[in-house]
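The values are calculated or read from the model by the stated rules, or taken from the named source; none is laboratory data. Bear in mind that the values here come from a model prediction, so they are computed numbers and not experimental data. Cβ sites come from the backbone with ideal geometry, for glycine too, and all protein chains shown count toward neighbours. For accessibility, only protein heavy atoms count, side chains too; no ligands or nucleic acids. Shrake-Rupley method; radii C 1.70, N 1.55, O 1.52, S 1.80 Å.
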Amino acid sequence: MKSTTRGTLAAIVTCVAAAVATPAVAADGIPVAVPLDGVENSLNMEMPRIGGTLPLPTPGSPDGPRYVEGRLLPDRAVPQLPVTSDLPSLDLRTPVPRVLGDTFDHVAASTPTSDLRALTPGASLDAPLTAPQADKLGLPAPKLPEVGLLAPVLQAAPGATLGLAPGL
């Protein structure tokens, strides 16, 4: 085998080994920073610092339909889909005039990430016929159709902090 072929083969094996050895890491969110450095330099004044994180929602597995005796269609024919995520975080620090004296010249506000759990809307339906009945020779009887909407659910515990501080 030529040395160039061996070198190419060694490079391919090294790349494949590196790709296999490095596991894929899922990100919890996307960091976002508002770039105000150009405005700060052009105006020659201190600008606010703004940043945060945008979360990535993760869908879960829905509860499947449940079969109920005496109904033609299963309960929860359109299941609710659970989604988990974090609330977006925000960090803001801005200069203010020295209203409270010489020691406080910046206001800082932040909203930390907190868990968010949600369920999408769902539906429960039933046909306008009953199940086959033995006393009617196995034929279903008519009845009023049933439609039920499952309300969406949203659970979160947001929080925020506000503070005064000296310069950056």
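Can you work out the Karplus-derived ³J(HN,Hα) for every residue in the range 143-151? Use 6.51 cos²θ - 1.76 cosθ + 1.60 with θ = phi - 60°, whole Hz, and x for glycine or proline.
8, 6, x, 10, 9, x, 9, 8, 5
From the protein chains alone at 1.4 Å, what is the descending order of accessible area for L87, L144, L164, largest first?
Ranking L87, L144, L164 by accessible area, largest first, yields L144, L164, L87.
Charges only on Cβ, +1 for Lys and Arg, -1 for Asp and Glu: so what's the dipole of the range 31-168 about the Cα centre, in debye to the nearest 20?
460 debye
How large is ³J(HN,Hα) for each residue in the range 116-128, as worked out from phi by the Karplus curve 6.51 cos²θ - 1.76 cosθ + 1.60 (θ = phi - 60°), to whole Hz, x for Gly and Pro?
10, 10, 9, 10, 6, x, x, 9, 10, 10, 9, 6, x
Using 1/(1 + (r/R0)^6) with R0 = 25 angstrom and r between the beta carbons of A33 and T58, what's the FRET efficiency to the nearest 0.05?
Plugging the Cβ-Cβ distance into 1/(1 + (r/R0)^6) gives 0.55.
Work out how much length L129 to S114 would gain on full extension: take 0.36 nm times their residue separation and subtract the Cα-Cα distance, in nm to one decimal.
Value of the extension gain: 0.7 nm.
Could you list the residues of the range 116-147 with an amide nitrogen less than 11 Å from a label point located 7 Å from the Cα of A77 in the Cα-to-C-beta direction?
Flagged as within label range: 123-129, 145-147.
Enter the accessible area of I50 (Å², nearest 10), with the probe set to 1.4 Å and all protein chains included.
60 Å²
Net charge within 12 Å of L154 by Cβ-Cβ distance, Lys/Arg positive one each and Asp/Glu negative one each, not counting L154 itself?
Result for the local shell: 0.
Hey, can you grab everything whose amide H is under 5 Å from the amide H of L129? Only 5+ residues off in sequence or another chain; H modelled, so Pro and N-termini drop out.
Those qualifying (amide H under 5 Å, at least 5 residues apart or on another chain) are K143.
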